[in-house]
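Engineer: Structure incoming, see below.
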Amino acid sequence: MAQILDGKKLREKILESLKSKVEKFQTKPTLVVILAGDNPASKIYVNNKKKTAEKLGINSQVINYPADVTENELLSKIEELNNDNSVTAILVQLPLPEHISKENIIDAISPQKDVDGFTPYNFGRLFSGEEPIVYPCTPKGILLLLDEYNIEIEGKHAVVIGRSNIVGRPMAQMLLKRNATVTMCHSKTKNLAQITKTADIIISAAGKNIIKGEILKSDCVVVDVGIFKDENGKTRGDVDFDSASQICSYISPVPGGVGPMTITSLMLNTVELFEKSL
Ligand code: NAP
């Protein structure tokens, strides 16, 4: 039976030490979150981010815009926040309403305040093998989780499923930087099972229940990023936990694995940007 990669436990440990660190700062980091529209999931995520920041003593502000906000309104707010020295971190909650270009909005954020690590500067640094100012939160959290359990990455075959800018692409680059041999899979990949059977580490971020124990190599490490509701309204991940946990050596549960690590990384990034701004 596999050992659990416990994201909740690691979150508590990291946040506790971050809180003591923030207490010692004379001025505090300030995270501003821009939320456009009324996507219920986004509202919950933003609320959690604000509550977690406040618990750590980080100033946090949410700026709400209606779904019909214009791109120019958002761009001028970002410019104002970029020029405001009291603001040390800016996050634009995705998805944005359809009439707004996500690229234009993200490109406008100052890379020094880009807490998600999504701006072209930070992405460019990451993809050219350099250090970005901060790393994207979900892949950063996954590496923290693997490191906590002393899982070796160098020389291992890591299979990343999903190629989004939020998870798969930066994850693959970060694993490559840690000297893994990386294979990226996506919806057009043929014979996924043949590939996963050779994986030492699988990071699955498809948003679909695609991983069963029978397609895993024994003793591999499985990180389940997916989170969605099934037809019965139950929260599920990409991995069939019962069958997979019989085969692999480590597995992250859903919920309680990657989710808590993503918000932890956001807090770490907020503090890192603040320290770099001093
Ligand atoms: P996304 O933008 O929808 O991307 C999904 C990726 O999975 C795409 O690259 C897609 O391939 C690939 N894919 C879809 N079906 C597949 C299949 N049958 N076999 C192989 N690949 C397949 O998703 P995302 O934003 O990266 O999120 C993925 C999942 O992770 C979602 O469930 C999301 O809720 C969750 N998530 C969780 C956290 C967390 O903190 N826990 C953070 C971010 C995301 P194509 O590119 O070919 O379409």
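Engineer: What residue, of Ile105, Ile142, is in contact with a Leu (Cβ under 8 Å, 6 or more places away or on another chain) and of a type in the set (A, V, I, L, M)?
Structural biologist: Exactly one of Ile105, Ile142 is in contact with a Leu (Cβ under 8 Å, 6 or more places away or on another chain) and of a type in the set (A, V, I, L, M), namely Ile105.
Engineer: Follow-up. Take the residues in the range 160-184 that are in a helix (DSSP H, G or I) and of a type in the set (Gly, Ala, Ser); name whichever of them is nearest to the ligand (Cβ to nearest atom).
Structural biologist: For the range 160-184, the residue satisfying everything is Gly168.
Engineer: Still on this model: I'd like to verify a number: residues in the range 35-58 that are touching a residue at least 60 places away in the same chain (Cβ under 8 Å) and buried (at least 17 other Cβ atoms within 10 Å of the Cβ), how many? Break it down into steps so the answer makes sense when it comes.
Structural biologist: As a first pass, look at the range 35-58 and keep what is touching a residue at least 60 places away in the same chain (Cβ under 8 Å): 36-37, 48-49, 52-53, 56, 58.
Those still in the list that are buried (at least 17 other Cβ atoms within 10 Å of the Cβ) too: 36-37, 49, 52-53, 56, 58.
Qualifying residue count for the region: 7.
Engineer: Please specify each residue of the range 130-159 satisfying the condition of being charged (D, E, K, R), more than 12 Å from the ligand (Cβ to nearest atom) and part of a helix (DSSP H, G or I).
Structural biologist: Asp147, Glu148
Engineer: Cβ-Cβ under 6 Å, sequence separation 6+ or interchain: first residue in the range 161-185 and at negative phi and hydroxyl-bearing (Ser, Thr, Tyr), partner within 12 Å of the ligand (Cβ to nearest atom) and modelled with pLDDT of 95 or more. Which pairs?
Structural biologist: From the range 161-185, the pairs are Thr183/Val159; Thr183/Ile195.
Engineer: Look at Leu96 and say whether it is part of a loop (DSSP other than H, G, I, E, B) and over 15 Å from the mean Cα position of the chain (by Cα).
Structural biologist: yes
Engineer: State all residues of the range 239-271 that are near the ligand (Cβ under 8 Å from one of its atoms), crowded, with 24+ Cβ neighbours inside 10 Å and aliphatic (A, V, I, L, M); if no residue qualifies, say none.
Structural biologist: Correct list: Val258, Met261.
Engineer: Taking the condition in a loop (DSSP other than H, G, I, E, B), within 15 Å of the ligand (Cβ to nearest atom) and modelled with pLDDT of 95 or more, does Ser187 pass? Before you say what the answer is, go through the steps one by one.
Structural biologist: Values: in a loop (DSSP other than H, G, I, E, B): yes; within 15 Å of the ligand (Cβ to nearest atom): yes; modelled with pLDDT of 95 or more: yes.
So Ser187 passes the test.
Engineer: Another question, then. Looking at the range 71-86, can you tell me whether even one residue there is crowded, with 18+ Cβ neighbours inside 10 Å and not in a helix (DSSP H, G or I)?
Structural biologist: First, pick out the residues of the range 71-86 that are crowded, with 18+ Cβ neighbours inside 10 Å: 74, 77-78, 81.
Subset that is not in a helix (DSSP H, G or I): none.
No; the residues of the range 71-86 include none that is crowded, with 18+ Cβ neighbours inside 10 Å and not in a helix (DSSP H, G or I).
Engineer: Still on this model: Show the residue pairs meeting these rules: Cβ distance below 7 Å; 6+ apart or different chains; first residue within the range 193-212 and crowded, with 22+ Cβ neighbours inside 10 Å; second residue in a loop (DSSP other than H, G, I, E, B) and polar (S, T, N, Q).
Structural biologist: Final answer for the pair search is Ala205/Ser164.
Engineer: If I filter the range 219-232 for residues that are closer than 15 Å to Gln3 by Cα, surrounded by fewer than 16 Cβ atoms within 10 Å (Cβ to Cβ), modelled with pLDDT of 95 or more and not charged (D, E, K, R), do I get at least one hit?
Structural biologist: no
The values are calculated or read from the model by the stated rules, or taken from the named source; none is laboratory data. Because the structure is predicted, anything quoted here is derived from the model rather than measured. In this analysis, Cβ positions are derived from the backbone assuming ideal geometry, glycine residues included, and neighbour counts consider all displayed protein chains.
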